[in-house]
Amino acid sequence: GVGGWESEGPRLREHLERACSAYGLPSERLESLRGYRLPMRSAGDRARSGRALLVGDAAGLVDPLSGDGIYEALVSARLAAESTLELLGGGGLDAYEPRLEAEVGRTLTASWKAKLALERFPRVVYDVARLPIVWGFTAAFLRGDLAHPHDAKGLVRAPLKVVEALGRRT
């Protein structure tokens, strides 16, 4: 499949054609083509209603920058299972949302800022991302060596703060 930000919607079928061609797949054999917007949570969105716990896409746990959500889906499923077991043991479900926020909230917030910065100032953010020190940080973050961009130390903090500031600007 293919994806893109909202402005790419009208061109997604063209992108799919190119992807099929690049992989030597006959695009005329594709069936039941569908497209959907990825559900992305906003600040304050609930992940629980009564005894129902939302996980993964249902909870809007899609990374706004990359469109990925597998990690967040697995974390939310684990937390929902733990909460359910606590409920069966006589506890409640009240801890699910705070735990979810603690585990994925900071990263999703940082991704929203980076996405907004990239949409508003693509050249600046691209140039910052190409800096060797930032690229090294990005690789460490993607490997899981750092849990959150605020965990960065040293000189890399300055260019990351630029991107963060650009993502907050209205």
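Points worth noting:
- Accessible solvent surface per residue of region 37-100, calculated while the other protein chains remain in place, 1.4 angstrom probe, Å²: 58 Å²
- Percent carbon-and-sulfur accessible area, the chain, ignoring ligands, DNA and RNA, probe 1.4 Å: 58 percent
- Accessible surface for region 101-170, divided over its residues, is 64 Å² per residue with a 1.4 Å probe.
- For Lys153, the lysines whose Cα comes closer than 16 Å to its Cα, not counting residues fewer than 8 places off in the same chain, are Lys161.
- Each Lys and Arg adds +1 at its Cβ and each Asp and Glu adds -1 at its Cβ; summed about the Cα centre, the chain shows a dipole of about 540 debye.
- Within the chain, helix-based [θ] at 222 nm, where runs of 4 or more DSSP H residues each add -39,500 (n - 2.57), nearest 500: -15000 deg cm²/dmol
- Correct option for P(r) over Cα pairs in 10 Å bins from 0, in percent [calculated from the coordinates] among [x] 9, 29, 29, 23, 9, 1; [y] 9, 33, 32, 17, 6, 2; [z] 10, 38, 35, 14, 3, 0: [x]
The values are calculated or read from the model by the stated rules, or taken from the named source; none is laboratory data. No experiment lies behind these values; they were computed from the predicted model shown. For neighbour counting, all protein chains shown are included, and Cβ atoms are generated from backbone atoms with ideal geometry for every residue, glycine included. To get the accessible areas, we keep the full protein, side chains included, count just its heavy atoms, and leave off ligands, DNA and RNA. Shrake-Rupley method; radii C 1.70, N 1.55, O 1.52, S 1.80 Å.
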